[in-house]
Each structure stands twice: as C-alpha cells, then as structure tokens.
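What follows is a short report on a single structure.
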Amino acid sequence: MDSLGTHKIAALPALHALSGADNSGSFAGKGKAIWWNAFQEASQDIVTALGNLGASEPPSAETMAAIEKVICKLYVPNTTITTAKDLRWWLFKKKQAQSEKLPPTKAALEQTVIRANYQAMVWNNDIVPLPQLPSPDSFGWKLEDNKWLPVITTLPPAPEAVIQLVKCGCAKERCSSNRCQCRNANLNCTDLCNCCEIGR
C-alpha cells in the first residue's frame, strides 16, 4: 500500500465507490481492472479529486471536472477529450457506438458522482459514533414507497432530434442512388453518415 503514496491511498474509497460498490452502482462493461488501469495512469488533479470525494457536500466544480476526465480515459484511454458530452458525441459519430457502450451523459454522471460522494462520506465517518450525515435525497437518491432508489439522470439522454436522426451507410456510393436513407428522406448527409468518413 505504501508504494501508492498518500494521495492515491486517500483516493481509494472514492475509486471503489465510483467503480462499483453495493450502494453506488457501476459503469456497464467497466470492471475493477479497467478502473485500476485508469487510476494508475491518472494525473494528479484526478487523484486529488477522487481523494476529495466524501470530504464536502456537494463535490466542487473542480472535483466534478477532474472526475469527468477520468471517465473519458476509462472509455478511451489515450483520449484528449475531457468532457462526457464531447466523448459521447465523438464515439457516436466516429464509431457508431450503441448506447450501452457510450459513457453516461453529464446529467447521469453528476448523479453517479454525488452518490459516490455520499458513500465515501459514510465510509469517512466509519469511526465516528452516531455520525450526523445529511439525507440521501440530496445525493442522487429519492425515497419512493419507503425505499431509497437511485436518481439515474435529471435530463433525457439526447435531444429528441438526435434520437430520431436518419443516417446512411453509403460508404462507397456516396449517396448517388435511391438506396441512400438520407436521400430518400430528402435530407443532406451529416457527419454521422458513413459516406462522410471517405477520404479522411
């Protein structure tokens, strides 16, 4: 443990809470080993942000931004993209990634982080007798039928226009025939279409 250094040791509870604990959920397809690799490569600001989880309520804007960076690295290790919004668009546009392979939206990520923050807060008070903790309803949870349920997100996953987007797969014909979905819908091709990748 000592080889990790004091900053990384302090970040371990938050790392566990974010990467998948009983009360905080997990990221689909991103197990502990993938998280550990991202953590080992994390910059100092990310390690500091993880160490800060559980120390304040709610997490600061700086802490949220740094954690968003490590989430981007979790999905694309060598990326220079630093926001979930930009990474989701890049993966959707360039790789046609399905929804379950995309990182969470910013709104969903914020709920995940504040739940992890609450869990880390609980763990940080484990030696305090009868700790005075705030109600979970301000930390990504809602009470329904006497059960605490996670708030998954506060916004829809994408604008309705994006959800209903038409895109073509004309990789070779460059939309010259009536088989083009965009042409049939009287629409211009966009960056989402395969034909727009030609020559890049």
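The values are calculated or read from the model by the stated rules, or taken from the named source; none is laboratory data. Just so you know, these numbers come straight off a predicted model, no measurement behind them. In this analysis, Cβ positions are derived from the backbone assuming ideal geometry, glycine residues included, and neighbour counts consider all displayed protein chains. Accessible surface is based on the protein model in full, side chains and every heavy atom, while ligands, DNA and RNA are left aside. Shrake-Rupley method; radii C 1.70, N 1.55, O 1.52, S 1.80 Å.
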**Study point:** segment 1-54: number of residues that are of a type in the set (V, I, T) and touching a residue at least 40 places away in the same chain (Cβ under 8 Å)
**Key:** 3
Practice item. Answer yes or no: is there a residue in segment 57-69 that is more than 25 Å from C193 (Cα to Cα), surrounded by 15 or more Cβ atoms within 10 Å (Cβ to Cβ) and of a type in the set (D, E). Key: yes
Revision key, fill the gap. Taking segment 27-77 and keeping only residues that are polar (S, T, N, Q) and farther than 14 Å from I9 by Cα, one is left with N37, S43, S56, S60, T63
Review point. Out of all the residues in segment 147-170, is one or more more than 30 Å from K73 (Cβ to Cβ), open to solvent by 90 Å² or more (accessible area, probe 1.4 Å) and modelled with pLDDT under 90?
Key: yes
**Study point:** The listed residue being at pLDDT below 95, under 15 Å from the mean Cα position of the chain (by Cα) and either open to solvent by less than 20 Å² (accessible area, probe 1.4 Å) or hydroxyl-bearing (S, T, Y) (or both), out of A38, A28
**Key:** A38
